[in-house]
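Written out below as structure tokens is the structure these notes cover.
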Amino acid sequence: MIQIKDLHKSYHMGSNSLHVLKGINFNVKEGEMVSIMGSSGSGKSTLLNIIGILDEADSGSYVLDGVPIKNLNEKVAANYRNKFLGFIFQSFNLINYKSALDNVAMPLYYQGIKRKERIEKAEYYLEKVGLTPWLNHLPSELSGGQKQRVAIARALASNPKVLLADEPTGALDSKTSQEVMELIQGINDEGKTILMVTHEHDIAQMTKRIVHLKDGVIIDDSPVQQVRASVYV
Amino acid sequence: MFDIERWQEIFETLRKNKLQTFLTGLSVASGIFILVILLGFSSGIQNGVKSQFERDATNKISIWAGRTTKGYKGLNPGRRIQLKNQDFNKLSNDYADFLEYESANYMIWRALVNYGKESNNYRVWGSLPDYQFIENSDIGEGRFINESDLNNSSKVAVIGNKIKQDLFKGEDPIGKHVSIYGINFKVIGVYYDPGGEDEESQIYIPLTTAQKSFNGADRINNMSYTVKMPQNFDKGVELSQNITLAIEDQLKQMHTVAPNDIGAIRVNNNLEEAQKIFSLVDVIKLIFWFVGIGTIIAGVVGVGNIMLIIVKERTKEIGIRKALGAVPLSIVGMILQEAIFVTMFSGMFGLILGLGLLEVIGPLVKNDFIKYPQVDFNTALTTVFILVIAGAFAGFFPAYRAAKIKPIVALRDE
């Protein structure tokens, strides 16, 4: 599903340059659930952003579902993001003046789907994450866990090939984190490819493979015996 | 296409920025309001000036004689020049191809006119039948003097509407007799003149009758002509100027007046005056447009400013939208639609307020030079078009900025 070869990325600040990713080689198969771990500044979020076509690598190659991702203009990049990828952010990134339902329906709006169908699909995914009673509530009326569930429903709404989660439990308490991880594991069980950045070892243990990054280099990439989130509850 | 979500977003954004939106809307509304009022008054000035020229035909040339101011060919200055029938006949003959209406006039200044017990002083003109058209007079009742009256030196009179009101007090004047310095004239017509009361306080009688009855012999006080107008106004002005100069030269030669004597023969060309005044009105109109557009630009800069603030405040949201698949064009469309809506809504408010005010105060304006200040449909349509362009312009730079923001940069914005 994802093939990355010799990926490099540097950030330039004035005359200083920070080499964040130093030749990353990395593949993810369809249906895998992979966590990327590393300390702050290791390059894990940068790698996720490049995979999410939110940022661009300086060199190397990245192929997503057979499509080489390179030198895309913003329109094409936006279409790929909409079609292939679903995002779950640490800070939820919901639009605060839209209801849970409208937030979830938003990716479908950019697919040009009619409102009636958008609403039906959004209701379906909110039901899937257990938020049917909260459809018409604004994000400000929801708890942290509920917000992240809305974000997960939004990520699933466009039926993407890959879910990208950047510290999805970073802003949640431990109990809620387990609930969210249980939900994510369930999504993976249905065959969705999931790539998750986390710095929490317990959370990473709930995926099937852990990739360790240090100073922009993969120092370890090994499968783990997945721990089911429900065990923690 | 109507997109309810887009409109919900616009109203939500405006609600979040109430004060800025109100102040910006106010500046656009006042800009359009000022523009409409200025345009209304420029049209009022145009109407006023036009009505001033409607007193007489615009293409009128009138010729008066006075005293010489310079000595010439042994003759002393201060000599009085008297126009006569033969001068009129000569000019009418020489310029027949270029002239439309013509009249020689003998005038009795402030003649005492009586009807029954009513009396007053009025100006009496001995004229030719064409004078009706030269003076732009409309016959309301009866008829104007004709060739037969002229040939028979009939004692008939056409009175102005004001005289009818003054002397006849609601009575039908047609067929009645008025006395001018004790000589009875039968009233054959009543005329109306767009020039107003002053122009309607005169009496027309046949030239031949006036000369015979009031000791005029073959003397005339002035001559009036209208020029045959070609299709092109500027060519008409040129033709009129040429005829004016030629007539002036010819009369000076006929009466042995120095070519540079400006007092003895005076030829007034209405068309030339009209062109000058209309050019001035055009300049005034241009200045009004300039001032109005200037105020709109100030409003548009305000809208642009608030849109920049809104884009800045919504940077993260723009990032989220881009992450979810929003293409740059949809972001541009969102910002532009918002800017055009704010500009259009407040602009329309200013437009309606301006039109309403003109509608209310228009009829109350009583000034010879400002009449019926109003804005026509085309001008209103033009201002609406300007509003759309202005709104799009105001939104363009903020929208461009929003479209250019990289998604990852936008998402990091706090």
Tally of residues being assigned to a helix (DSSP H, G or I) and away from every other protein chain (no Cβ under 14 Å) across the range A:138-180: 13
Checklist (1) modelled with pLDDT of 90 or more; (2) under 19 Å from B:S62 (Cβ atoms) applied to B:S119, failing item: (2)
Residue under evaluation B:D376, criteria (1) open to solvent by 30 Å² or more (accessible area, probe 1.4 Å); (2) closer than 30 Å to A:A165 by Cβ; (3) of a type outside the set (A, V, I, L, M, F, W, C), criterion not met: (2)
Boolean, B:E100 is closer than 25 Å to B:G216 by Cα and touching a residue at least 40 places away in the same chain (Cβ under 8 Å): no
Residue in the range B:313-322 that is farther than 19 Å from A:L108 by Cα and buried (at least 22 other Cβ atoms within 10 Å of the Cβ) present: yes
Any chance B:G292 is of a type in the set (G, A, S), away from every other protein chain (no Cβ under 11 Å), assigned to a helix (DSSP H, G or I) and touching a residue at least 40 places away in the same chain (Cβ under 8 Å): yes
The range B:326-355, residues that are more than 15 Å from B:I389 (Cα to Cα), open to solvent by 30 Å² or more (accessible area, probe 1.4 Å) and more than 14 Å from chain A (Cβ to nearest Cβ): B:F349, B:I352, B:L353, B:L355
Tally of residues being at pLDDT 90 or above and on the phi > 0 side of the Ramachandran plot across the range A:1-22: 1
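Yes/no per residue for (1) open to solvent by less than 10 Å² (accessible area, probe 1.4 Å); (2) outside the structural domain of B:V365 (by TED's automatic domain parsing); (3) small (G, A, S):
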residue: B:G40; (1), (2), (3): yes, no, yes
residue: B:L75; (1), (2), (3): no, yes, no
residue: B:F98; (1), (2), (3): no, yes, no
residue: B:S103; (1), (2), (3): yes, yes, yes
residue: B:M107; (1), (2), (3): no, yes, no
residue: B:G116; (1), (2), (3): no, yes, yes
Residue ranges of strands (runs of 3 or more DSSP E) in the range A:181-233 with at least 3 members surrounded by 15 or more Cβ atoms within 10 Å (Cβ to Cβ), out of contact with any Gly (no Cβ under 6 Å at 6 or more places or on another chain) and aliphatic (A, V, I, L, M): A:193-197
Residue pairs meeting the criteria (Cβ under 6 Å; at least 6 apart or on separate chains; first among the hydrophobic types (A, V, I, L, M, F, W, C), in the range B:123-136; second in a loop (DSSP other than H, G, I, E, B)): B:I134/B:A57
Any hit, the range B:295-307, residues being open to solvent by 20 Å² or more (accessible area, probe 1.4 Å), more than 10 Å from every other protein chain (Cβ to nearest Cβ), among the hydroxyl-bearing types (S, T, Y) and touching a residue at least 60 places away in the same chain (Cβ under 8 Å): yes
Residue tally, condition open to solvent by less than 10 Å² (accessible area, probe 1.4 Å), within 14 Å of chain A (Cβ to nearest Cβ) and not β-branched (V, I, T), over the range B:10-38: 1
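The values are calculated or read from the model by the stated rules, or taken from the named source; none is laboratory data. Every value quoted in this text rests on a predicted model; they were computed, and no experiment measured them. Positions of Cβ are backbone-derived with ideal geometry, glycine not excepted, and every protein chain shown enters the neighbour counts. These accessible areas exclude ligands, DNA and RNA; they are computed on the full protein's heavy atoms, side chains included. Shrake-Rupley method; radii C 1.70, N 1.55, O 1.52, S 1.80 Å.
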